[in-house]
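A short write-up of the structure that comes next.
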């Protein structure tokens, strides 16, 4: 059996429970999930939604996708353009500037941004001058609230002190560093060689420059990873004292990302070993003063995210867990996803299509979905499960079909169910994806496109 403590209670997990619930299922960074969107939602539909949110003067979050990397990590499932030819940046920025202009001209009544995030890829693939150019172009059309989260994903292997100084001077206040694992054999098989010194230097530099929050990303379930070696990585991370830690379950989906075929399935830890590593991480981080947040995040107990969880105001979107709830999210750049006025949309997935489309048509929306009233109800419930582990709903009538399946989860100790309330138990927090799947009206049986939940 696996033992750990969650929310002050001892949790015991059996192998039978892991075998029963280790199913393919979504991570629910969106609901309905992206496979259920369609190409009937295009540029005109997206423009209509922008105009609608402009009338409401709703708070905004902007995400910029900067897809370039020097090389592709073997484990990565992100949308990436891997090339050492940095000449690709200029035409991409030209298209991105045009998209900023197109969106900015529609949103002429937009309030200051509550959230600005640059992700990738590797955002610091851009030079310091290019970083400044992009930020200045954003500033032509959008102001940024004094209380805004202005964050960027950092690869310590390629990020220079000059780039970090530029980012901080411009106003970036949060940095998220990819680490994954410090074990050399794991790094080699994951296709990401990164020294402890590179990571330490990036964190120390961010601290010295005055970044308000420095976070690290780790991944468990990587090839040749063991409980013993991963614990060493966790202890080394604690020595670096990050404000938040994201501990992601490796999504092994080689049928979707063919480069993952380089990873041999027999080299991967099994579900039992993975869950053992995760439960041990919960213990180690909580002993060190971090609070277990949602699905896979940890934050210091005085961190804004921990406070938001206690106050019931924490939110979750494509950018992860955040304190900035109920913003319309606008994604700019290739493959970027938006959620505006009750509709999802996604930009063109291919770089050439994006660059040509923006200059020719203004917007490059490739697919999307307008959410129905039922979609919005289920979306809120799934979000509450992942954020607060407590939901109020009409289980006797509206969700009477789901109630029968929830009773089975209750029997296994994952939830407590009442007539109008669902509470996820400490044990159930290890199976949030499975609980969310109960409310997914689109999910088909044996839908194996998704990674395993454990």
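Just a few scattered comments:
- Answer residue from the range 203-218, given it is assigned to a helix (DSSP H, G or I) and in contact with a helix residue (DSSP H, G or I) (Cβ under 8 Å, 6 or more places away or on another chain) and is surrounded by the fewest Cβ atoms within 10 Å (Cβ to Cβ) among those: 209
- Residue-level check: of (1) over 22 Å from the mean Cα position of the chain (by Cα); (2) over 18 Å from residue 96 (Cβ atoms); (3) free of Cβ contacts under 8 Å to residues at least 12 places away in the same chain, residue 136 misses just (2).
- Search result, residues across the range 408-427 that are in a helix (DSSP H, G or I) and either touching a residue at least 24 places away in the same chain (Cβ under 8 Å) or surrounded by 13 or more Cβ atoms within 10 Å (Cβ to Cβ) (or both): 409, 410
- Of all residues assigned to the range 428-438, at least one qualifies as being buried (at least 18 other Cβ atoms within 10 Å of the Cβ), free of Cβ contacts under 8 Å to residues at least 40 places away in the same chain and in a helix (DSSP H, G or I).
- Scope the range 280-299; condition closer than 16 Å to residue 238 by Cα and within 21 Å of the chain's Cα centre (by Cα); matching residues: 281, 282, 285, 290, 291, 292, 297, 298, 299
- Just one residue in the set 178, 171, 221 is on the phi > 0 side of the Ramachandran plot, surrounded by 18 or more Cβ atoms within 10 Å (Cβ to Cβ) and in contact with a strand residue (DSSP E or B) (Cβ under 9 Å, 6 or more places away or on another chain); that residue is 221.
- Failed item in (1) buried (at least 20 other Cβ atoms within 10 Å of the Cβ); (2) without any contact (Cβ under 8 Å) to a residue 24 or more places away in the chain, with residue 96 passing the rest: (2)
- Residue 302 meets all of the listed conditions (1) over 18 Å from the mean Cα position of the chain (by Cα); (2) in a helix (DSSP H, G or I) but one, namely (2).
- Scope the range 169-195; condition free of Cβ contacts under 8 Å to residues at least 60 places away in the same chain and assigned to a loop (DSSP other than H, G, I, E, B); matching residues: 171, 172, 173, 181, 182, 183, 193, 194, 195
- Per the conditions (1) under 30 Å from residue 220 (Cβ atoms); (2) in contact with a helix residue (DSSP H, G or I) (Cβ under 8 Å, 6 or more places away or on another chain); (3) not in a loop (DSSP other than H, G, I, E, B), the sole criterion not satisfied by residue 334 is (3).
Values in this text are rule-based calculations from the coordinates and carry no lab data. Bear in mind that the values here come from a model prediction, so they are computed numbers and not experimental data. Here the Cβ is made from the backbone with ideal geometry for all residues, glycine too, and neighbour counts use every protein chain on show.
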